[in-house]
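Worksheet: one structure, shown below.
Only the coordinates and a few stated rules stand behind these numbers; no lab work does. Because the structure is predicted, anything quoted here is derived from the model rather than measured. With ideal geometry, Cβ positions are generated from the backbone for all residues, glycine too; neighbour counts draw on all protein chains shown.
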Amino acid sequence: MNDFHQTGSCRLSLRANEQARYHAVSFGRGTGTGTARETMDILTTKLFIPALRPSLVARPRLLRKLDQGVQQRHCLTLVSAPAGYGKTTLIAEWTNRLAESQQSQHLGWLSLDQEDNDPGRFLTYLLAALRQTGLALAATEQYLQSLSHLPPPQTLVTTLLNEISQASNGRSLLLVLDDYHKIQTAVIHETLQFWLDHAPPHLHLVLITREDPPLTLSRWRARSQMTEIRASDLRFTLEEAADFLNHTMGLSLTAGDIAALEQRTEGWIASLQLAALALQASESAQDEATVADFIARFSGSHHYIIDYLVEEVLRQQDETVRDFLRETAVLHRFNADLCDAVTGRNDSQEILNYLERHNLFLVPLDNQRQWYRYHHLLADSLRAGLDDATQNAGHRQAAAWFAAQKWFGEAIVHADAADDTAEVARLVRLAAEPALQRGEFGQIAAWLKRLPHEIISRDAELGVFWLLSLILTGRSHEVPAALAQLEQHQDSWNNTQQQARLLVLKAYLADIVDSPDRIALAKQAAQASTMDDPLFRAFVAVPLGHAHLYRGQLQEAVAIFREGLSYLPGQKSNFVRLSLLSNLIHSLNHAGRRQEAAVTCQETVSEFLDAQGKPLPPAGLLYLLQAWLHYDANDLTQAQDTLAQSQELMQQAFQATMLSPLEIELAVLLHEAAGKTEKAAAALQAGLDRATRQKYQHGILSIKRIEAELLLRQERPSAARHILQTLPIFAGREANGRWHTIEPVHDTAYLAYARLLLAEGQSEEAQMLLALLATSAREGSRERGLISILLLQAVSANEPNFLTEAVQRAGAASYPRLILDECAFPAHGPQLVEWLQKTDSSALAPTIVDALPDTAVQSPHLLEPLTDQEMVVLRLLADGRSNRQIAEELVITVGTAKWHVHNIYQKLDVSSRAEAVARIHDWQLLEP
């Protein structure tokens with residue numbers, strides 16, 4: 001048996017500690033293809049450029065500074081100042097002015113909040129904001145939908161910036177991120193950092209924040225690549241304060257009063273506005289003595305000024321408005337219906353209209369003026385004056401309203417703020433299942449963090465979602481402890497579906513860590529899964545299929561993978577589907593059905609293309625399988641190209657956390673076939689180093705087996721024995737060298753040991769081991785492995801009939817490379833070559849005839865001798881034939897012709913046909 005069921009596409013991506021997050025590729029929605037990024041409800045109010053109020057204070061000095069930053073191609077404008085300095089108002093005025101000027105540019109706005117710390121949510125809104133600019137970013141969106149988790153910032157931003165550059169057609173793009181201080185997630189900062197480091201000149205980012213973000217501001221400042229607007233810039237000058245107080249706010253203050261207010265507030269806009277509101281409401285606002293006294297009464301820090309002025313403003317309002325403001329202060333955003341629900345009123349729309357007309361710190365969130373929020377300073381001050389009971393009551397009413405609208409995320413936030421744990425648990429149960437269908441695993445994990453573990457572990461639904469979220473968000477190290485907690489209370493669960501799901505997850509985990517009870521758990525989970533839960537019914541086919549692969553039962557595994565796929569009709573770019581298809585393709589190939597595997601692989605690859613027809617990162621797993629299919633057919637050039645593409649895609653998706661012994665082995669074999677033994681050794685060592693760093697025990701053992709075979713091809717049997725003796729393959733061997741049992745899971749390791757025995761001249765023991773392997777392979781329909789077994793049996797028993805059968809099977813199923821690779825072992829390869837050269841060429845596949853080792857032609861100038869076949873190709877090359885003409889002349893594939901030409905270039909130490917022809921003549925290689 002080969003290593004795939006432990007290292008194939010599913011196992012590639014789902015190692016317990018390194019690759020678990022791969023699951024977060026969309027599970028899809030029902031029979032559709034929906035993903036988190038396609039179906040998550042978008043609050044469009046977050047995407048509107050704030051509307052301008054009439055009678056704004058003109059701030060030409062700041063607008064000029066902002067314009068200059070864009071004109072000078074600065075990558076960033078940073079507007080950083082405490083609350084109440086008019087940051088958002090300034091940028092809103094600027095962007096509205098740009099929009100009205102109809103300049104040729106794209107303008108986007110995104111107002112951030114605490115929930116946007118989830119990277120998936122942040123990306124969803126970032127793309128939504130970019131779409132609002134009029135850009136079409138289908139490729140980036142499809143790329144993200146195909147991924148399991150937030151990709152490396154470099155990969156994501158590279159894809160996004162490339163598409164923006166194409167879609168914008170040279171027009172400038174200006175994107176504003178408001179309230180960026182609310183973002184605390186490192187990976188989001190890293191994403192923006194890479195964006196700013198690599199953005200083309202016509203892309204401009206504006207960050208509005210109360211504190212400097214953890215970006216390399218000093219570097220951009222030193223390079224004059226950043227425009228900065230800070231509190232000292234935003235403070236009203238005396239002239240601006242006069243304009244604001246006497247024109248915008250309608251007061252008639254003297255120059256002395258204005259100067260006193262400006263000095264006392266240090267130009268802080270929020271305190272000036274609150275002071276003006278307090279003076280507006282005062283009947284004696286025109287009394288200069290009263291005004292002077294009012295100005296003298298407040299002083300101190302911003303906090304105390306705000307509290308004082310808010311109290312002054314509220315004191316001037318009637319009781320209805322004061323009550324409304326206090327009762328709705330707990331809401332982060334609101335409309336009239338929500339306010340009615342929280343306050344018990346039915347006239348909230350009229351009050352909101354009043355607040356907006358009177359400029360009472362109400363901020364509209366959309367152009368229709370349906371959704372609003374309070375200015376942060378006012379909201380903070382209002383909430384500070386509420387007792388816990390009042391706040392909790394408001395949060396409960398808000399949670400109920402949001403839940404009724406099925407906006408569960410905000411409902412959960414309010415229920416949590418009310419310390420209503422039972423309601424949080426109820427809402428998470430309602431929200432988690434739809435989120436699971438959409439692939440929002442990070443969101444589920446965030447909701448569950450709001451609940452105590454004791455509640456989660458005693459609840460069937462919450463417990464399963466907790467375990468699933470740990471697996472699918474890369475926190476597999478926490479899984480054993482979480483599973484132990486759940487199992488303590490599992491008997492009290494009165495929910496058969498969740499119990500079945502827990503069994504599926506246990507089987508899946510057992511499969512990942514090679515647990516001894518993995519087969520029993522897989523069968524138990526399969527029996528418990530039901531048709532009314534198709535996602536998990538399909539999911540269980542992965543560990544169940546692996547259980548059969550573990551026993552070497554390929555046909556049974558193929559049937560199970562196909563059955564699993566039948567539960568996901570119509571779904572594409574879906575993780576479970578990808579896992580099942582990848583396992584199916586590899587199983588078909590090892591069952592001797594290479595053509596069927598190749599067709600299935602190509603069809604599956606076509607599902608993982610972006611809007612421009614380029615492969616999406618998860619397709620890297622499929623390209624690895626496809627590279628092996630090319631290799632088995634001895635199409636080495638295509639195998640090399642496809643492997644390189646696979647490695648690039650998997651790097652994009654997993655940033656060096658992905659490790660597959662299949663990838664390492666193929667790289668080693670291709671390097672060897674090209675005569676690059678040093679590169680083969682380097683690839684092997686790099687893989688072993690990665691497996692060791694990741695503590696990936698199975699990967700370490702598999703790579704050691706690959707290393708042992710490399711040593712055997714280098715005629716170093718002692719070193720190979722030292723390695724092979726560390727592998728877990730000797731349980732069925734007696735001390736006297738007699739073998740009585742083998743385990744199909746270790747087929748490749750047994751074959752390596754059989755090759756060692758032949759190198760050591762122990763043909764009798766080799767025959768005994770190979771006989772067991774052959775019987776097991778035939779019973780399990782493991783046709784691909786049987787070809788290698790038959791070749792070794794031919795040598796160990798000195799019986800060419802085994803070779804004849806191997807050749808027939810290899811030719812019929814298109815596996816010529818298996819024969820050629822066996823010929824590369826110095827201990828038994830020459831005998832195989834001798835027999836093959838005596839075999840009627842009509843019985844051999846053309847690719848075998850083409851690539852058989854020939855008598856070497858050596859020249860004192862050559863780096864390595866040329867084979868007879870390469871000499872034939874050399875003559876055609878010297879005659880000016882193309883690769884296709886060479887292939888037609890020799891009745892070989894174009895790929896094989898390319899491979900011969902490639903090898904000739906290497907041996908001649910040239911890089912072109914012209915150089916090769918010149919060297920042929922200089923060295924007289926074709927002289928009779």
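Details
- Partner lysines for LYS65 [C-alpha distance under 16 Å; skip if fewer than 8 residues away on the same chain]: LYS87
- The distance between label points at ARG778 and GLN555 comes to 1.4 nm (points 7 Å beyond Cα on the Cα→Cβ vector).
- Relative protection proxy for 822-832, 779-789, from highest mean packing down: 779-789, 822-832 (other beta-carbon atoms within 10 angstrom).
- For ASN634, nonlocal amide neighbours, meaning residues 5 or more places apart or on other chains whose placed amide H falls under 5 Å from its own, are ARG817.
- Per principal axis, descending, Cα span of region 868-923 in whole Å: 29, 19, 18
- Altogether, the Stokes-Einstein calculation at 20 °C and 1.002 mPa s, with the Kirkwood radius of region 388-501 over Cα pairs as Rh, returns a diffusion coefficient of 148 µm²/s.
- The separation of region 525-552 from region 54-105, counted between C-alpha centres, amounts to 58 Å.
- Cα pair count fraction exceeding 16 Å, expressed as % - region 330-380: 35
- Long-range HN-HN contacts of LEU609 with modeled amide H, under 5 Å: LEU616
- For LEU758, neighbours were defined as the other residues whose beta-carbon sits under 13 Å from its Cβ, and their charges (Lys and Arg +1, Asp and Glu -1) total -3.
- Equivalent ellipsoid, region 187-267 (semi-axes from 5 times Cα gyration tensor eigenvalues, Å): 38, 12, 11
- Region 739-851: relative contact order in percent, alpha carbon pairs under 8 Å with at least 6 residues between: 21
- Nonlocal amide H pairs with THR227, under 5 Å, H built at 1.01 Å: LEU76, THR77, LEU78
- In order along region 738-748, phi translates into HN-Hα couplings of 8, 9, 10, 8, 9, 10, x, 4, 10, 3, 5 Hz, rounded to whole numbers, per the Karplus curve 6.51 cos²θ - 1.76 cosθ + 1.60 with θ = phi - 60° and x for Gly and Pro.
- Region 403-450 and region 346-379 have Cα centres spaced 27 Å apart.
- Sorted largest first, extent of region 44-234 alpha carbons per principal axis (Å): 48, 35, 33
- Cut-off 15 Å (backbone N to label point 7 Å along Cα→Cβ of SER101), residues of region 173-190: 173-175
- Rounded Å value of the spacing that divides the Cα centres of region 686-735 and region 212-236: 56
- Sites ARG716 and ASP641 - FRET efficiency at Förster radius 25 Å, r taken between beta-carbons, to 0.05: 0.20
- Rounded to the nearest whole Hz, the Karplus-based 3J(HN,Hα) values (6.51 cos²θ - 1.76 cosθ + 1.60, θ = phi - 60°) of region 95-101 follow the sequence 5, 4, 5, 5, 5, 5, 6, with x at glycine and proline.
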